[in-house]
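Take a look at the structure set out below.
The values are calculated or read from the model by the stated rules, or taken from the named source; none is laboratory data. Quantities reported herein were computed from a predicted structural model and do not represent experimental measurements. Backbone-built Cβ (ideal geometry, glycine too); neighbour counts: all protein chains shown. Areas reflect the complete protein model, heavy atoms only, side chains present, ligands, DNA and RNA absent. Shrake-Rupley method; radii C 1.70, N 1.55, O 1.52, S 1.80 Å.
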Amino acid sequence: MYILPIIFLAISSSSDAFVVGISYGINKISINFTNNLLIALISGIGTFLSMALGKLLLNIIPIEKANVIGSSVLILFGVYMLIHSLKNDCSKEKNDSKINMEGENYYHNVLNNPEIIDVNGSKNIEIKESLFLGIVLCINNIGLGIAASITGLNMYLTSLASCIFSMLFIQLGHYVGEKFLSKTLSKYSEIISACIIILLGIYETFI
């Protein structure tokens, strides 16, 4: 079914939301339905805008080559994510005691340590904090959205799926983190996500 690639992409693009949810659950930081919905809406909008950009690129890319290009970008993006994740696992062990609050490192530190978003230490993610977190999570969807659009995935269904799965994964991650897990398990989420993207790119090459 054509819906499966959309679901796989939404699951993969929401992996960071799952990790954030786990971290909040472990640290007993709550996030209510409204703020979770705000984060998910930003994720969905980001996916939609990036896919709209991909549609514009189709005007300058020959249609017969578009699917191959999009699939190749997905595969390369997945490989990059996989390598980046493996490198992060090595460097993280050396830098766990330091949180760099500047530039690109701040973006990665928010994903690795999302509890720093709770700037007032209230143990509750508020609207302003949700807005910022949504934007940070949205950044990861830009490259995926462009590539997915070029391969021909429906931008409306993909954006909706991204929104739904983002919301579900934060809530699920929070529950799992609070009830069952330690931080050690969350590091595998990015590796799994990268593998899904690679497989999705391979799948899109042959349909």
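Taken over segment 19-38, residues that are under 12 Å from the mean Cα position of the chain (by Cα) and open to solvent by 50 Å² or more (accessible area, probe 1.4 Å) amount to 0.
For LEU74, the criteria (1) surrounded by fewer than 16 Cβ atoms within 10 Å (Cβ to Cβ); (2) among the hydrophobic types (A, V, I, L, M, F, W, C); (3) modelled with pLDDT under 80 hold in every case but one, which is (1).
Within segment 147-169, residues that are β-branched (Val, Ile, Thr) reach partners that are not in a helix (DSSP H, G or I) with beta carbons closer than 8 Å, at six or more positions or on different chains, in the pairs ILE150/LEU58; ILE150/ILE61. Restricting to segment 162-205, give me the number of residues that are open to solvent by 70 Å² or more (accessible area, probe 1.4 Å), at pLDDT below 70 and part of a loop (DSSP other than H, G, I, E, B). Of the residues in segment 162-205, 1 are open to solvent by 70 Å² or more (accessible area, probe 1.4 Å), at pLDDT below 70 and part of a loop (DSSP other than H, G, I, E, B).
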